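S.K.: Structure below; questions to follow.
The values are calculated or read from the model by the stated rules, or taken from the named source; none is laboratory data. Predicted model only: the values in this text are computed from it and were never measured. For neighbour counting, all protein chains shown are included, and Cβ atoms are generated from backbone atoms with ideal geometry for every residue, glycine included.
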Amino acid sequence: MRRHPAGGWGYHRRLPSAVRPCMSLFRFALFFILSAWASVHAAPLVPAPTHVLFDGEIRRLVDEAGIPGAAYAIVVDGRVESAYGIGVRELGGKAPVDADTVFRIASVSKTFTAQLVATLADEGRLDWSLPLPRFAPEFRLKGGSEQRIRLQHVIGQSSGLVPNAFDNLVDAGQSLQQILPQFRTLEPSCAPGQCYGYQNILYGLSVQAIEQASGRRYGDLLAQRVFEPLGMEHASVGRDAFFAAPDRALPHVRRDGGWQRVEVEPNYYQLPAAAGVNASANDLALWLIAQMGGFPQTVRAADVAMLTTPRVTTPKDLRRGHWKDLLASAHYGLGWRIYRIGGEPIVLHAGWVQGYVAEISYSPRLRTGLVVLLNAESGSALNEIGSQFWQRELAAFPAPAEATRSAATPASSRTAKPGAKVSASTPGKRNAPEARTGAARPAAPARNAARSPRGQGAP
């Protein structure tokens with residue numbers, strides 16, 4: 001008997017030389033497995049005091065508005081700090097909403113489309129400067145002005161067209177084949193890239209560029225490149241996939257002074273790149289974590305920097321309810337909005353289709369993000385929830401005096417100094433679109449342009 005090297009007494013015999021390498025491999029494998037287990041089962045985060053207040057605030061707002069159901073998630077430093085459901089999936093029903101309940105996320109879908117374009121551009125399979133007629137030859141404008149529009153203008157909402165052109169025809173249930181000929185009556189009110197004009201139909205045509213470049217259907221590619229690598233287990237594309245989800249929230253609109261259940265309309269599902277994604281709060285929490293560096297093999301930091309570089313001003317956002325008193329500026333990048341509260345960038349996108357509103361947002365400096373999903377058309381409640389969260393968050397964690405003015409590079413921690421500003425034309429980026437951050441004017445309404453009264457698909 002001899003003393004054990006680690007202390008204590010016991011029988012200890014030197015292993016044969018042939019066995020020692022196997023034991024070394026075994027120890028390494030065991031260490032790796034235990035480390036992985038520890039990372040997955042780490043102790044839950046303790047919610048920050050501001051987030052405890054937020055939980056009470058969102059429940060109060062949802063209750064006061066009579067909204068049937070809601071879900072939210074807060075992410076901090078690459079982890080889901082909290083994710084909860086509120087209320088029920090359907091008015092009059094008993095099935096509760098939870099953090100895995102699937103909602104339609106409407107125009108939040110645009111953020112996924114922008115990422116797919118960036119990924120394909122990284123691989124040299126798609127070009128941001130691809131002319132619109134090359135991937136959507138059926139789209140024509142008056143005088144042939146569509147020839148000047150590039151893919152970057154489509155994703156950057158800077159085609160120059162009147163905002164929400166012919167969205168009212170989508171609302172009315174018309175097909176793209178019926179709607180697209182109407183665009184021949186329109187001409188841009190400014191040069192592409194010079195002014196902001198939010199589009200759903202035109203943005204939806206980007207699906208053709210993605211499918212042509214990848215050789216795969218949009219929904220299949222999104223699942224392969226984003227949903228599966230990130231572990232977004234409940235995310236999907238399309239109406240059939242929505243109804244295949246057993247835990248799904250159903251839509252409600254306000255009629256006769258109260259909320260009423262309505263059918264899940266197929267109209268905006270025909271524009272999957274603009275408004276066709278379904279997801280839960282937990283799914284979108286993972287998407288926000290990816291934006292802040294959590295999945296670098298799937299979402300590259302250089303892509304995030306490019307997509308969130310401010311490009312055209314969005315003056316209407318400066319009048320957005322509950323936000324207007326906070327905002328110093330508002331821009332659109334490529335599939336993302338960039339707000340500034342003081343000098344602080346908040347990157348976000350909202351969505352609105354019949355019976356649902358949704359918003360995701362994050363602070364690159366604080367490495368904090370918020371997901372809010374409602375199964376009722378209450379843009380006012382959505383605006384109040386998001387604006388109050390960020391007002392409270394930025395007051396609790398004020399930026400240092402030398403804080404960067406870029407939304408591009410997240411800090412390594414909530415207390416670290418922000419990263420250096422990243423140029424829109426990142427080295428190695430295939431034909432990265434040039435950012436124009438001057439004071440661009442919004443597109444003026446065209447005489448014959450039909451506009452949706454609500455601009456459905458995005459608040």
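S.K.: Is there a residue in region 261-281 that is charged (D, E, K, R), under 22 Å from ASP167 (Cα atoms) and surrounded by fewer than 19 Cβ atoms within 10 Å (Cβ to Cβ)?
M.R.: There is at least one residue in region 261-281 that is charged (D, E, K, R), under 22 Å from ASP167 (Cα atoms) and surrounded by fewer than 19 Cβ atoms within 10 Å (Cβ to Cβ).
S.K.: Identify the single condition in (1) crowded, with 24+ Cβ neighbours inside 10 Å; (2) more than 26 Å from ILE67 (Cα to Cα) that PRO296 does not satisfy, given that it satisfies every other one.
M.R.: Failed condition: (1).
S.K.: Might you let me know whether region 96-109 holds any residue that is in contact with a helix residue (DSSP H, G or I) (Cβ under 6 Å, 6 or more places away or on another chain), among the polar types (S, T, N, Q), modelled with pLDDT of 95 or more and buried (at least 20 other Cβ atoms within 10 Å of the Cβ)?
M.R.: The first filter runs over region 96-109 and keeps only residues in contact with a helix residue (DSSP H, G or I) (Cβ under 6 Å, 6 or more places away or on another chain), leaving 99-100, 106-107, 109.
Applying the additional criterion that residues be among the polar types (S, T, N, Q) yields 107, 109.
Keeping just the survivors that are modelled with pLDDT of 95 or more gives 107, 109.
Going one step further and asking which of them are buried (at least 20 other Cβ atoms within 10 Å of the Cβ), we end up with 107, 109.
Yes, region 96-109 has at least one match.
S.K.: On to the next question. Given the conditions (1) assigned to a loop (DSSP other than H, G, I, E, B); (2) hydrophobic (A, V, I, L, M, F, W, C); (3) touching a Lys or Arg at 6+ places or on another chain (Cβ under 7 Å); (4) more than 23 Å from ALA172 (Cβ to Cβ), report the number of the one that VAL264 does not fulfil.
M.R.: Result: VAL264 passes all but (4).
S.K.: Taking ALA432 as the residue in question, decide whether it is over 21 Å from ASN282 (Cα atoms), within 22 Å of the chain's Cα centre (by Cα) and either crowded, with 22+ Cβ neighbours inside 10 Å or modelled with pLDDT under 50 (or both).
M.R.: It is true that ALA432 is over 21 Å from ASN282 (Cα atoms), within 22 Å of the chain's Cα centre (by Cα) and either crowded, with 22+ Cβ neighbours inside 10 Å or modelled with pLDDT under 50 (or both).
S.K.: Would you check if there is a residue in region 304-315 being more than 15 Å from the chain's Cα centre (by Cα), in a strand (DSSP E or B) and buried (at least 24 other Cβ atoms within 10 Å of the Cβ)?
M.R.: Yes: one or more hits.
S.K.: Restricting attention to region 285-303, which residues are assigned to a helix (DSSP H, G or I) and in contact with a Leu (Cβ under 7 Å, 6 or more places away or on another chain)?
M.R.: LEU286, TRP287, ALA290
S.K.: So, in region 322-335, how many residues would count as being farther than 21 Å from SER378 by Cα and aromatic (Phe, Trp, Tyr)?
M.R.: 1
S.K.: Still on this structure, I have one more. Tell me yes or no: at least one residue of region 121-135 is closer than 27 Å to ARG254 by Cβ, part of a loop (DSSP other than H, G, I, E, B) and touching a residue at least 40 places away in the same chain (Cβ under 8 Å).
M.R.: no
S.K.: Restricting region 142-165 to residues that are hydroxyl-bearing (Ser, Thr, Tyr) and within 22 Å of the chain's Cα centre (by Cα), which is nearest to PRO188 (Cα to Cα)?
M.R.: If we filter region 142-165 for residues that are hydroxyl-bearing (Ser, Thr, Tyr), which is where we start, we get 145, 158-159.
Restricting the remaining residues to those that are within 22 Å of the chain's Cα centre (by Cα) gives 158-159.
Details: SER158: 10, SER159: 7 Å.
Step by step, filter region 142-165, then rank; the result is SER159.
S.K.: Suppose we filter region 319-334 for residues that are assigned to a loop (DSSP other than H, G, I, E, B), without any contact (Cβ under 8 Å) to a residue 40 or more places away in the chain and touching a Gly at 6+ places or on another chain (Cβ under 8 Å); how many remain? Talk me through it step by step, then tell me what you get.
M.R.: Taking region 319-334 first, the residues assigned to a loop (DSSP other than H, G, I, E, B) are 320-326, 333-334.
Now narrow it down to the ones that are without any contact (Cβ under 8 Å) to a residue 40 or more places away in the chain: 324-325.
From what is left, the residues that are touching a Gly at 6+ places or on another chain (Cβ under 8 Å) are none.
Total satisfying the criteria: 0.
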